[in-house]
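Rule-based calculations on the coordinates, nothing more; no lab input. Note that the coordinates shown come from a computational prediction; the quantities given were computed from them, not determined experimentally. For neighbour counting, all protein chains shown are included, and Cβ atoms are generated from backbone atoms with ideal geometry for every residue, glycine included.
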Amino acid sequence: MKRRNFILFALLTGIFTACGIYKFNDTSIAPDVHTISVYTIENRAMKVNPQLSNTLTLALQDQYRKLTKLEMVEDGGDLQVSGFITSYEITPTAVTSQEVAAQNRLTVTVKIQFKNLKHEEEDFEKSFAAYQDYDSNLSLDSVEAQLVDEIVEILVEDIFNATVANW
């Protein structure tokens, strides 16, 4: 009986260990890819948040540093991420019975160009958007920094997954 339990334990341990490849932060980077360049994400939106370009660029660079073994190079990396902010918009999302906005939504849209110089079939140009809602009784100035941080986190995750996690 003990031997049977041991064998069952060993099999289950092996199965669960093998399933480790399904973690959400796994990357699928080819072994011949060693470097990445993340260029400044320019701000081309009509309404401009002066910190957004820098915040988004640095957050993307940090994500690749933390979750991959790729060496970050200023220019000419095997992988290249570039792009620009196309939209920074505030829109009403919930209207009261007096036809006044109860909630507003801050939406940021970014167009990203991804180049894989070793595997060109993975290249793409794609838009990513993220938003956060806030109470219309609050001024944008009072909540903007927090909203932008939350939006940048979502955008970085989406861009990272599209480029090296193949989600």
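Electrostatic bookkeeping for Leu147 treats Lys and Arg as +1 and Asp and Glu as -1; over the other residues with beta carbon under 10 Å from its beta carbon, the sum is -3.
A simple spin-label model places pseudo-atoms 7 Å from Cα toward Cβ; at Glu125 and Glu89 they are separated by 2.1 nm. Quote the FRET efficiency, to the nearest 0.05, computed for Leu140 versus Leu117 with a Förster distance R0 of 45 Å and r equal to the Cβ-Cβ distance. It comes to 0.65. When Ile112, Ile90 are sorted by how many other C-beta atoms sit within 10 angstrom of their C-beta, beginning with the fewest, the order is Ile90, Ile112. Counting other Cβ atoms within 10 Å as a rough exposure proxy, the listed residues Lys47, Lys111, Lys118 run Lys47, Lys118, Lys111 from fewest neighbours to most.
P(r) for segment 83-165, from all Cα pairs and a bin width of 5 Å, is 3, 14, 21, 18, 14, 11, 8, 5, 3, 2, 1, 0 %, short bins first. Taking the inverse of the mean reciprocal distance over all distinct Cα pairs, the Kirkwood hydrodynamic radius of segment 27-165 comes to 16.0 Å. Fully extending the segment from Ala102 to Val48, taken as 0.36 nm per residue of separation minus the present Cα-Cα distance, adds 17.0 nm.
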